[in-house]
Amino acid sequence: MALTTRLTRLLGIEHPIIQGGMAWTATWELAAAVSNAGGLGIIGAGQMPTDLLREQIRSAKSATDRPFGVNLMLLTPHIDELVQMVLDEGVCVVTTGAGNPGKYMTALQDKGIKVIPIAPSTALARRLAQGGADAIIGEGMEAGGHIGELTTMVLVPQLVDAVSVPVIAAGGIADGRGMAAAFALGAEGVQLGTRFMCADECTIHPDVKQRLLRAKDRDTMVTGYSTGHPVRALKNKLAKQLDELDRANKPEELEALGAGKLALAMRMGDCDMGSLMAGQCAAMVTEIQPAAAIIAELLAETESVLSGLPARVGL
Ligand code: TUI
């Protein structure tokens, strides 16, 4: 099946599926595998040193001839240096998170790089679209990591009404039912993070993958409201300690405790004191599979849901 949308045409990809650019998680191995399977793989820059991200981009280029992207986390202190390096290296797509990429937009697009910011609200999406964003990722609060306030179900249709560029739905999508629902809401693509954490090619610690496979529906929680940067992760010892600091309104202590904890989980496999950032749909991830199998399954399920819908509702 070929699902073609404005997004597949804009990026020159086969399927309208983007793999989330998760920090310490989405390395070049995963990004290249997703791109080779016809989706858009994304390297998560997070707080990576500039030289390491450069190597990641070069490795991805040697592993795929297809388009791939980089996610830039805008709260990173050396973000200007990362952007300059990405301009020098050249990639097809930059997605951005945790801020407004307005000041980098022209420089990136002048190099032929498509800029696709993540927006948690219509106000920001409108500003970004006016500033020339090529598409907008609407990420609901079901997502893992740093989140906004709105759910995917209410955010996506409002974004579709607010901007004329393609909208990509993210947050809470783990299978073809969610993907079909995203298209029903007006999205022209989907971005999945948590599901791809359990791809064979995802290089996170195997213990984290096992924790994801065991997760149940209410196993994530959000901490960090007091800092202004709420984060969703699987419940563990760290999350409970962060929650206590949140409730005591101690944002500085919370930030100090949280520092470096994502890498501790994803790279070192510390599932107690590491930050197991993951979305609510962790419970829907039940298998470790090659990225290509995830994409094939998503497409087959989406086709089956969409083609079965009219009969199901009596149309
Ligand atoms: O960025 C993400 N997810 C992330 S970033 C991250 S690293 C981090 N760790 C601790 C605290 C903060 C970050 C882990 N997960 N998703 C995309 C996303 N972007 N979610 C929410 C936003 C967002 C929030 C505010 C985007 C723009 C924004 O704009 C504020 C403004 O400047 O108007």
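The values are calculated or read from the model by the stated rules, or taken from the named source; none is laboratory data. As the structure is a computational prediction, the values presented were derived from the model and not from experiment. Note that we place each Cβ from the backbone using ideal geometry, even for glycine, and neighbour counts take in every protein chain shown. Just so you know, the surface numbers come from the protein's heavy atoms only, side chains and all, with ligands and any DNA or RNA stripped out. Shrake-Rupley method; radii C 1.70, N 1.55, O 1.52, S 1.80 Å.
What about GLN158, is it free of Cβ contacts under 8 Å to residues at least 12 places away in the same chain and farther than 30 Å from LEU238 by Cα? No: the conditions fail for GLN158. Evaluated against (1) open to solvent by 10 Å² or more (accessible area, probe 1.4 Å); (2) not assigned by TED's automatic domain parsing to the domain that holds ALA293, GLY224 falls short on exactly one condition, (1).
Suppose we filter the stretch 257-315 for residues that are among the basic types (Lys, Arg) and either assigned to a loop (DSSP other than H, G, I, E, B) or open to solvent by less than 60 Å² (accessible area, probe 1.4 Å) (or both); how many remain? Don't jump to the end; show me each part of the working.
As a first pass, look at the stretch 257-315 and keep what is among the basic types (Lys, Arg): 261, 267, 312.
Within this subset, residues satisfying the condition of being either assigned to a loop (DSSP other than H, G, I, E, B) or open to solvent by less than 60 Å² (accessible area, probe 1.4 Å) (or both) are 261, 267.
Number of matching residues: 2.
Return the residues of the stretch 67-101 that are of a type in the set (Ser, Thr, Tyr) and either more than 8 Å from the ligand (Cβ to nearest atom) or open to solvent by 10 Å² or more (accessible area, probe 1.4 Å) (or both); say none if nothing qualifies. The answer is THR76, THR95.
Looking across the stretch 246-276 at every residue that is among the aliphatic types (A, V, I, L, M) and more than 14 Å from the ligand (Cβ to nearest atom), the one that is nearest to the chain's Cα centre (by Cα) is identified as MET268. For the stretch 1-44, the set of residues classified as hydrophobic (A, V, I, L, M, F, W, C), part of a strand (DSSP E or B) and more than 21 Å from GLY178 (Cα to Cα) consists of ILE43 only. With respect to the stated conditions, ASP200 fails to be away from the ligand (no atom under 16 Å from the Cβ) and more than 30 Å from GLU29 (Cα to Cα).
Does the stretch 15-29 hold any residues that are away from the ligand (no atom under 16 Å from the Cβ) and either of a type in the set (A, V, I, L, M) or touching a helix residue (DSSP H, G or I) at 6+ places or on another chain (Cβ under 7 Å) (or both), and which are they?
Restricting attention to the stretch 15-29, the residues satisfying the condition of being away from the ligand (no atom under 16 Å from the Cβ) are 15-17, 28-29.
Those that are away from the ligand (no atom under 16 Å from the Cβ) and either of a type in the set (A, V, I, L, M) or touching a helix residue (DSSP H, G or I) at 6+ places or on another chain (Cβ under 7 Å) (or both): HIS15, PRO16, ILE17, TRP28.
Inside the stretch 122-155, residues that are within 16 Å of the chain's Cα centre (by Cα) and either more than 14 Å from the ligand (Cβ to nearest atom) or of a type in the set (Gly, Ala, Ser) (or both) make up a count of 7.
Sub-7 Å Cβ pairs linking a first residue in the stretch 239-256 that is open to solvent by less than 70 Å² (accessible area, probe 1.4 Å) to a second residue that is modelled with pLDDT under 95 and not in a helix (DSSP H, G or I), at least 6 apart or interchain, number zero.
Does LEU213 qualify as being open to solvent by less than 20 Å² (accessible area, probe 1.4 Å) and modelled with pLDDT of 95 or more? Please lay out each step first, then the result.
Working: open to solvent by less than 20 Å² (accessible area, probe 1.4 Å): no; modelled with pLDDT of 95 or more: yes.
No, not satisfied.
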